[in-house]
Amino acid sequence: MEKANLVMKNGKVWTVDNRIPWAEAVALRNKEILAVGSNQEIESLIGKETEVISLNGKLVVLGFNDVHTHYIATAFLSAGSFDVYQAATIPDVQGLVQRYSQEHPDFEWLIGE
């Protein structure tokens with residue numbers, strides 16, 4: 001039987017599987033999930049070279065990480081954006097814009113969010 005490179009046990013593993021929504025442990029081999037289950041079920045996947053991490057009751061959420069970024073939009077918005085949700089009237093918005101532009105004279109654009 002193939003052994004895991006990494007086992008995380010003693011945790012709360014949310015499986016995103018309605019049949020078995022929660023587990024105690026997860027075993028991985030080469031960044032792929034081998035098994036999810038109880039500590040006892042995963043024990044057989046632990047070998048001499050397996051790194052074992054005790055989660056001490058902490059939560060594990062299995063999923064994908066999306067590593068792309070919208071650089072231009074992020075830079076554009078962070079450069080001169082401010083919160084207009086606090087404004088209740090048009091004069092309130094105008095006041096926010098005026099104050100923000102005075103506080104940030106180097107910004108060419110102001111974007112209310």
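The values are calculated or read from the model by the stated rules, or taken from the named source; none is laboratory data. Everything numeric here is computed off the predicted structure, so don't read it as measured data. Positions of Cβ are generated from backbone atoms using ideal geometry, with glycine treated the same way; all protein chains shown enter the neighbour counts.
Observations on the structure shown:
- Taking first residues from the range 85-113 that are without any contact (Cβ under 8 Å) to a residue 24 or more places away in the chain and partners that are part of a helix (DSSP H, G or I) and surrounded by 12 or more Cβ atoms within 10 Å (Cβ to Cβ), the Cβ contacts under 7 Å between residues at least 6 apart in sequence or on separate chains come to Ala87/Val93; Ala87/Leu96.
- The one condition in (1) modelled with pLDDT of 95 or more; (2) assigned to a loop (DSSP other than H, G, I, E, B) that His68 fails to fulfil: (1)
- Scanning the range 12-53 for residues that are more than 14 Å from Glu2 (Cβ to Cβ), charged (D, E, K, R) and surrounded by 12 or more Cβ atoms within 10 Å (Cβ to Cβ) gives Lys12, Glu24, Glu41, Glu43.
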